[in-house]
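Written out below as structure tokens is the structure these notes cover.
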Amino acid sequence: MSLQLSGDIRAAVPLSDKTTLVLSGPDLRDARVPADSIPLDQWGLVPAPAANRAFVSYSDGTIRRRDLGAGGPGTTVFDAKTSICGAAPTADNNGAKSLDVSADGKWLVATRTDAQIVVHNLADPSKPLCLALPAPDSKTVAFSPDSTQLAILSATDRLYVFDLAHPENGDHPRRPPAVPDNSPAAIASGHARTTSWLAWRDDHTLLVATTAGLVESINLDPAAWRARVDTLGFTP
């Protein structure tokens, strides 16, 4: 579900019958937006930088922009049948389940089943950022509130954080542990997958939801956590 589009629509939910449920106004009046003009299942939905508009991802990895207020057909932002960033098409019915738009409206990103991350430049589609992961199957993507960082959670519980201000360092993202090995969540999960989702709390802190029902908080600012540790010191 996508909350608070920039317009009258307060929430939108893509449904399995290819329609979209929208809740509008302070009274949350409900309405159904007809299916788009392409015969694909909807995977995810995030607000677009215009009133009542959203980016919708589809089951082959395609992303389209729709005006949910008007309810007409969408326009294609990314066609999954095309090759991009040197990677082959990923029309495999499992891509783009998670997508996000940066707060400044410049970048759009979605998960893929290969080891590539494509950060689409909405102002100039011919200039995407091409980022590489050590392994395939990204599962969740999220931009930091200040639009300068991109966090990616993989299917193997790995967490990667890219600095979008320095895309030339795309082969060397930060790799903080999504869940420390000695965490109760990791111990409870055993050999099963430990993580399920992530989100930014602020520009330096990530929240990682775990399959054990716990939420791990990860501070990416060394100066901040060192200062916190110093305040816990005991005086003789």
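Computed with a 1.4 Å probe over protein heavy atoms only, the accessible area of residue 139 comes to about 60 Å².
Cross-link reach is defined here as a Cα-Cα straight distance under 14 Å, omitting same-chain residues fewer than 8 places apart; for residue 97 the aspartates and glutamates meeting it are 41, 60, 114, 137.
Here the accessible area of segment 1-101 is 53 percent carbon and sulfur, with a 1.4 angstrom probe and all protein chains present. Sequence-ordered 3J(HN,Hα) estimates for segment 59-71 from the Karplus curve with 6.51, -1.76 and 1.60 and θ = phi - 60° stand at 5, 9, x, 5, 10, 10, 9, 10, 8, 6, x, 7, x Hz, glycine and proline given as x.
For segment 1-151, what is the accessible area per residue in Å², given a 1.4 Å probe and the full set of protein chains?
I get 43 Å² per residue for this part.
How much length, in nm to one decimal, is gained on full extension between residue 65 and residue 127, taken as 0.36 nm per residue of separation minus their Cα-Cα distance? Numbers along the way, then the final one.
Values: separation 62, 0.36 × 62 = 22.32 nm, distance 1.86 nm.
That works out to 20.5 nm of additional length.
The figure for residue 197 is an accessible area of roughly 130 square angstrom, using a 1.4 Å probe on the protein chains alone.
The values are calculated or read from the model by the stated rules, or taken from the named source; none is laboratory data. Quick caveat: nothing in here was measured; it's all calculated off a predicted structure. Each accessible area value is taken on the protein alone, full model and side chains, heavy atoms only, with ligands, DNA and RNA left out. Shrake-Rupley method; radii C 1.70, N 1.55, O 1.52, S 1.80 Å.
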